[in-house]
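Q: Got a structure for you, questions after.
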Amino acid sequence: MEFEKPVEQWKGKVQEIKLSDKIKIGGEQVFPNYSFDGKCSNKPAVAIEINDVFPENWPESLKEVWGNDTLKYPVDRAKKAVEKYGADIIFFDMIGTHQDRENISSEKAAENMNNILKAVDSPVIVRPDGNFEKQNKVFTKCCELAERQIIIGSAHEDNYRTISASALAGNHFLIAEAPIDVNIQKQLNILITQMNFPIERIIMDPMTGGLGYGFEYTYSVMERIRLQTFMDDPFMNPPLICCVGQETWKIKEIKIEDKKYGSKADRGINWETTTAIGLILSGANIVVVRHPKSVIKIRNFIDSLCSTSVK
Amino acid sequence: MALTGLEIFKLLPNKNCGECDVPTCLAFAMKLAGKIAEPQACPYISDEAMEILGAAQTPPIKKITFKNGEKEISIGAETVMFRHEKTFVNQTLIALEIADNLNDDEFENELKRIESYKYERVGELLEPECISLKNESDDKNNYLQKLEIISSKTEKIIILSDCNPEIIKEAIQLVDSKRIILNRVRNLEETLNIISDTQIPIVLNAKNIEELLEKVEKYEAQNFKNIILSIDFNNLNELLGNNVFLRRLSIKKGFKSAGYPILTECAKEDELHSAIIGICIYSSIIILKEFSSSSLFTLLTFRQNIFTDPQKPLQIDAGIYQVGEPDESSPLIVTTNFSLTYFIVSGEIENSISPAWLCIVDAEGMSVLTAWSANKFSGEIVGNAILNSGIEGKINHKKVIIPGYVAIISGELEDKLPEWEILVGPQEAAEIPKYLKEIWK
Ligand code: B12
Ligand code: SF4
């Protein structure tokens, strides 16, 4: 049968970012793992989320795998995440800095961060919590005092100045977060680069809802972002990160106690894995998860998906 | 191939009479090109134009329709590469496989298990629609007996897998031909003779695209129309590549032989993984061999997400809804008309012991916070919705509970409803039962 393989070649390319000696992300010139079209470059990376304080509202099954003792100590968590569970990247979500929670000071937050940076050699994403005023204080301190290069998040449309300036001064990477919206994302990237922050050091967070809670909007927004990347839009080529764990483990469907829905523990892992895989298929370069078994399953998926050598 | 607006315009009568509900033929042509109108809406359109437009409107991927109990289910008819371009039309059917060499008890149990996988989510029933009956025994009578059990005890579409022509010949006498698909037939030529005057869909299996398209051309020439495509794969990358190439060939290159629905037999080791690719990337049927309720429920939700129309979120009509049997002293709760929000909130009210009146505000199908950000759930809008709902005649109090996430609208709402007491509920719907118990005595 005579036919030409309908290969599609694009001009644009996702920015490749070297996060550490071992971990590089992005660089692809094709839709996620369309190796039959062209160069796929780096595999998507899997990040594990850890916190600065004990995560009370995690479901029991999740607390159990980690162990309550480990969960109390951020450094232990980071080590376990990397050494035992095989995280490529640590996502340090500092929920304890929120003014209505433990209200951890910016100095203390920076110290917590440095302890993590010392304990593991993987790239570390640092994200404070709280109102903009509080976040700004923490951003500034962390960027200033970090003992090595970090990835700091998140710059928003309404609050990108302080964080962009701090990240620039400290030579860090920056996450730009927009609410599931292609145009706002582009606008934000432009605003940040207008502050002289290099586009080569931006990672985009398109925001995601969990499966069943807005996942499908993110799925399509990421495909649209990538279409713009490949059509060579210079402001739309940063890699994409999706925070899957925090959207998964709070939803109702994984808490139902009913035989019909299968084992509750497995359901949580399946939900997290499925959301992450769906997002990888639509362009995520980093997925952030919580359960160690999800990491293994997502890795297996990535390996099989990337198994054809690039022609 | 799709026609442009101008090409369509040339086919129209150019009377500009407006009977198609737009003022001019040109405007109508544009609507047709955008696929937001049907050619039948113009009463003066010529037969010839109708034919051309009809052909141009036939989706590049063949539609095949099955009977599923009282309902009809279709596959194919897809028109786009990405769901944001329009929408994916017919959702991927999920088939669970069962082998015929189980003994009678095991078989009945397995069947019961499969039938129990039914879930309700956001007002929709989620379930696998097909059963694949695999011929392992190679014993005709046994196979037919198992087939009869499935066809009488379920309404699912049945995939006859690995059968030889002798079995097929009798099987198709037993079951409604609108309910079966033939997969991995052992002797294709002979089977085709048997089904040549039926409409039974047949899967053409191949090792690669070239081989597949050759087969398709051959059988198209023999007038087989209900073809389904299937290519073996060694890893997920091959699955992805084959599906993408087939879809591109049919949609972008107008390659007719690639324009049929695809069936994917999920790889055993990482079944969930191939299933997810199949659902996102163009498979019309996936067959699962090992399945548990926890993975199926996840997968069914995933499918529901991918196949919602990205241009219109699932929404329900605005107005007053009753949850349980509320009376004049029952609480009044407001929320938006986004289906997901409605089903979560009404579900939680059902979980509480208190029946309630639920006032659904038209927020263009957006969630509470999304609607608030888009100014579709302001104090003004919520207030008007309550005043216009006619609820005042039904209750003997003037208290309304608003979602915790929009506590911020309570001031504006008080201005709008000066005689009312505005109660700010909890943020998460799961807290509603506890909240009602405490506050509504
Ligand atoms: C999916 C999504 C969208 C989708 C729309 C989905 C839809 N149909 O609504 C899209 C992509 C279109 C979208 C758009 C926007 N979005 Co949006 N979106 C989301 C996302 C990810 C999930 C929303 C969702 O579906 N939630 C699930 C439903 C069920 O939640 P819910 O309706 O709130 O109901 C819950 C509770 O409120 C409670 N509840 C509901 N009713 C009631 C009633 C009572 C009495 C009680 C007690 C409880 C209760 O029960 C439910 C379960 O607990 C959220 C972030 C997130 N992860 O939540 C952002 C989010 C809501 N979006 C946001 C924004 C800013 C926007 C935009 C304005 C961005 C923009 N400028 O374009 C637009 C606005 C829309 C527009 N202009 O067209 C913000 C809102 C920020 C804020 N605090 O105001 C959020 C929170 C993201 C963020 N952190 O920035 N969004
Ligand atoms: S009804 Fe037909 S003839 Fe009349 S304006 Fe519409 S397209 Fe033209």
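The values are calculated or read from the model by the stated rules, or taken from the named source; none is laboratory data. On a predicted model such as this, the values are computed, not experimentally measured, just so you know. Counting neighbours? That spans all protein chains shown, and the Cβs are built from the backbone with ideal geometry, glycine included.
Q: List pairs: first in segment B:34-46 and of a type in the set (A, V, I, L, M, F, W, C), second away from ligand 1 (no atom under 16 Å from the Cβ), Cβ under 6 Å, 6+ apart or cross-chain?
A: These pairs meet every condition: B:Ala37/B:Lys31; B:Ala41/B:Cys20; B:Cys42/B:Cys20; B:Ile45/B:Pro39.
Q: I'd like the residue in segment B:222-238 that is at pLDDT 95 or above and within 14 Å of another protein chain (Cβ to nearest Cβ) and, out of all such residues, is nearest to A:Lys293 (Cα to Cα).
A: B:Ile231
Q: Next up: Is segment A:265-281 home to any residue that is part of a loop (DSSP other than H, G, I, E, B) and not basic (Lys, Arg)?
A: Here is the first cut: in segment A:265-281, the ones part of a loop (DSSP other than H, G, I, E, B) are none.
No, because not a single residue in segment A:265-281 is part of a loop (DSSP other than H, G, I, E, B) and not basic (Lys, Arg).
Q: Quick check: is even one residue across segment B:376-394 part of a strand (DSSP E or B) and under 32 Å from the mean Cα position of the chain (by Cα)?
A: Filtering segment B:376-394 for residues part of a strand (DSSP E or B) gives none.
Looking through segment B:376-394, none of the residues is part of a strand (DSSP E or B) and under 32 Å from the mean Cα position of the chain (by Cα).
Q: So which of A:Ile302, A:Ile286, A:Ile241 ends up being at pLDDT below 95 and away from ligand 2 (no atom under 16 Å from the Cβ)?
A: Numbers: A:Ile286 fails: at pLDDT below 95; A:Ile241 fails: at pLDDT below 95.
Going through A:Ile302, A:Ile286, A:Ile241 in turn, just one is at pLDDT below 95 and away from ligand 2 (no atom under 16 Å from the Cβ): A:Ile302.
Q: Go through B:Lys146, B:Lys169, B:Lys140, B:Lys156 for me and flag whichever is touching a residue at least 60 places away in the same chain (Cβ under 8 Å), in contact with a helix residue (DSSP H, G or I) (Cβ under 8 Å, 6 or more places away or on another chain) and not β-branched (Val, Ile, Thr).
A: Details: B:Lys146 fails: touching a residue at least 60 places away in the same chain (Cβ under 8 Å); B:Lys169 fails: touching a residue at least 60 places away in the same chain (Cβ under 8 Å); B:Lys140 fails: touching a residue at least 60 places away in the same chain (Cβ under 8 Å).
Selected residue: B:Lys156, the only one of B:Lys146, B:Lys169, B:Lys140, B:Lys156 that is touching a residue at least 60 places away in the same chain (Cβ under 8 Å), in contact with a helix residue (DSSP H, G or I) (Cβ under 8 Å, 6 or more places away or on another chain) and not β-branched (Val, Ile, Thr).
Q: Considering B:Ile439, B:Ile432, which residue is farther than 22 Å from B:Leu340 by Cα and away from ligand 2 (no atom under 16 Å from the Cβ)? Give the derivation first.
A: Numbers: B:Ile432 fails: farther than 22 Å from B:Leu340 by Cα.
Going through B:Ile439, B:Ile432 in turn, just one is farther than 22 Å from B:Leu340 by Cα and away from ligand 2 (no atom under 16 Å from the Cβ): B:Ile439.
Q: If we keep just the residues of segment B:312-340 that are under 25 Å from B:Ile36 (Cα atoms) and in contact with a Ser or Thr (Cβ under 7 Å, 6 or more places away or on another chain), which is modelled with the highest pLDDT?
A: B:Phe338
Q: Return the residue satisfying two criteria in turn: it lies in segment A:256-282 and is among the basic types (Lys, Arg) and more than 7 Å from chain B (Cβ to nearest Cβ), and of such residues it is farthest from A:Gln246 (Cα to Cα).
A: Applying the first criterion (among the basic types (Lys, Arg)) to segment A:256-282 yields A:259-260, A:264, A:267.
Then keep just the ones that are more than 7 Å from chain B (Cβ to nearest Cβ); that gives A:259, A:264.
Numbers: A:Lys259: 25, A:Lys264: 17 Å.
So the residue we want is A:Lys259.
Q: Condition check: surrounded by 13 or more Cβ atoms within 10 Å (Cβ to Cβ), at pLDDT 95 or above and not in a strand (DSSP E or B). Does B:Val406 satisfy that? Walk me through it before giving the result.
A: On the way: surrounded by 13 or more Cβ atoms within 10 Å (Cβ to Cβ): yes; at pLDDT 95 or above: yes; not in a strand (DSSP E or B): yes.
Judged against the criteria, B:Val406 is a match.
Q: Can you list the strands (runs of 3 or more DSSP E) found entirely within segment B:251-360 that contain at least 1 residues being without any contact (Cβ under 8 Å) to a residue 24 or more places away in the chain, facing chain A (nearest Cβ under 8 Å) and under 24 Å from A:Lys259 (Cα atoms)?
A: Details: elements: B:263-265, B:285-288, B:319-323, B:332-336.
It comes to none.
Q: Looking only at segment A:217-255, filter to residues that are surrounded by fewer than 23 Cβ atoms within 10 Å (Cβ to Cβ) and away from every other protein chain (no Cβ under 14 Å); which one of those is farthest from ligand 1 (Cβ to nearest atom)?
A: A:Asp232
Q: Select from segment B:8-25 the residues that are surrounded by fewer than 16 Cβ atoms within 10 Å (Cβ to Cβ) and without any contact (Cβ under 8 Å) to a residue 24 or more places away in the chain and write down the one among them that is farthest from ligand 2 (Cβ to nearest atom).
A: From segment B:8-25, those surrounded by fewer than 16 Cβ atoms within 10 Å (Cβ to Cβ) are B:10, B:13-19, B:21, B:23; that's our starting set.
Pick out the ones that are also without any contact (Cβ under 8 Å) to a residue 24 or more places away in the chain and you get B:10, B:14, B:16, B:18, B:21, B:23.
On the way: B:Lys10: 12, B:Asn14: 7, B:Asn16: 5, B:Gly18: 5, B:Asp21: 8, B:Pro23: 7 Å.
Out of the qualifying residues, it is B:Lys10.
Q: Consider B:Leu212 carefully, then state whether it is within 14 Å of another protein chain (Cβ to nearest Cβ), surrounded by 20 or more Cβ atoms within 10 Å (Cβ to Cβ) and not in a helix (DSSP H, G or I).
A: Numbers: within 14 Å of another protein chain (Cβ to nearest Cβ): yes; surrounded by 20 or more Cβ atoms within 10 Å (Cβ to Cβ): yes; not in a helix (DSSP H, G or I): no.
No: the conditions fail for B:Leu212.
Q: Please find, within segment A:184-214, the residue that is nearest to B:Leu299 (Cα to Cα) out of those that are within 8 Å of ligand 1 (Cβ to nearest atom) and of a type outside the set (Ser, Thr, Tyr). Show your work before the answer.
A: First, pick out the residues of segment A:184-214 that are within 8 Å of ligand 1 (Cβ to nearest atom): A:184, A:207-210, A:213-214.
Keeping just the survivors that are of a type outside the set (Ser, Thr, Tyr) gives A:184, A:207, A:209-210, A:214.
On the way: A:Ile184: 31, A:Met207: 22, A:Gly209: 16, A:Gly210: 13, A:Gly214: 15 Å.
It comes out as A:Gly210.
Q: Looking only at segment A:40-71, filter to residues that are surrounded by fewer than 21 Cβ atoms within 10 Å (Cβ to Cβ) and within 14 Å of chain B (Cβ to nearest Cβ); which one of those is farthest from B:Asn208 (Cα to Cα)?
A: Once the filter is applied, the top-ranked residue is A:Asn57.
Q: From the list B:Met30, B:Met81, B:Met50, pick out the single residue that is more than 16 Å from ligand 1 (Cβ to nearest atom), on the phi < 0 side of the Ramachandran plot and within 14 Å of another protein chain (Cβ to nearest Cβ).
A: Values: B:Met30 fails: within 14 Å of another protein chain (Cβ to nearest Cβ); B:Met50 fails: within 14 Å of another protein chain (Cβ to nearest Cβ).
None of the other options fit; the residue is B:Met81.
Q: Of all residues in segment A:232-261, which are in contact (Cβ under 8 Å) with a residue 40 or more places away in the chain and in a helix (DSSP H, G or I)? Steps first, answer last, please.
A: Applying the first criterion (in contact (Cβ under 8 Å) with a residue 40 or more places away in the chain) to segment A:232-261 yields A:232-233, A:235-246, A:248-251, A:253-255.
Matches in segment A:232-261: A:Gly245, A:Gln246, A:Thr248, A:Glu253, A:Ile254.
Q: Which of the residues spanning segment B:260-269 are buried (at least 19 other Cβ atoms within 10 Å of the Cβ) and either at pLDDT 95 or above or acidic (Asp, Glu) (or both)?
A: Result: B:Tyr260, B:Pro261, B:Ile262, B:Leu263, B:Thr264, B:Glu265.
Q: Please go through (1) in contact with a helix residue (DSSP H, G or I) (Cβ under 9 Å, 6 or more places away or on another chain); (2) without any contact (Cβ under 8 Å) to a residue 12 or more places away in the chain; (3) away from ligand 2 (no atom under 16 Å from the Cβ) for B:Met50 and return the number of the only condition it doesn't satisfy.
A: (3)
Q: I'm trying to understand the selection: among the residues of segment A:114-148, which are in a loop (DSSP other than H, G, I, E, B) and touching a residue at least 60 places away in the same chain (Cβ under 8 Å)?
A: If we filter segment A:114-148 for residues that are in a loop (DSSP other than H, G, I, E, B), which is where we start, we get A:120-123, A:129-131, A:146-148.
Across segment A:114-148, the qualifying residues are A:Asp121, A:Ser122, A:Pro123.
Q: Of the residues that make up segment A:170-179, is at least one over 30 Å from B:Met366 (Cα atoms) and either in contact with a Pro (Cβ under 7 Å, 6 or more places away or on another chain) or of a type in the set (Gly, Ala, Ser) (or both)? Spell out the reasoning first.
A: Of all residues in segment A:170-179, those over 30 Å from B:Met366 (Cα atoms) come to A:170-174.
Filter once more, so that each one left must be either in contact with a Pro (Cβ under 7 Å, 6 or more places away or on another chain) or of a type in the set (Gly, Ala, Ser) (or both): A:170.
Yes - at least one qualifying residue is present in segment A:170-179.
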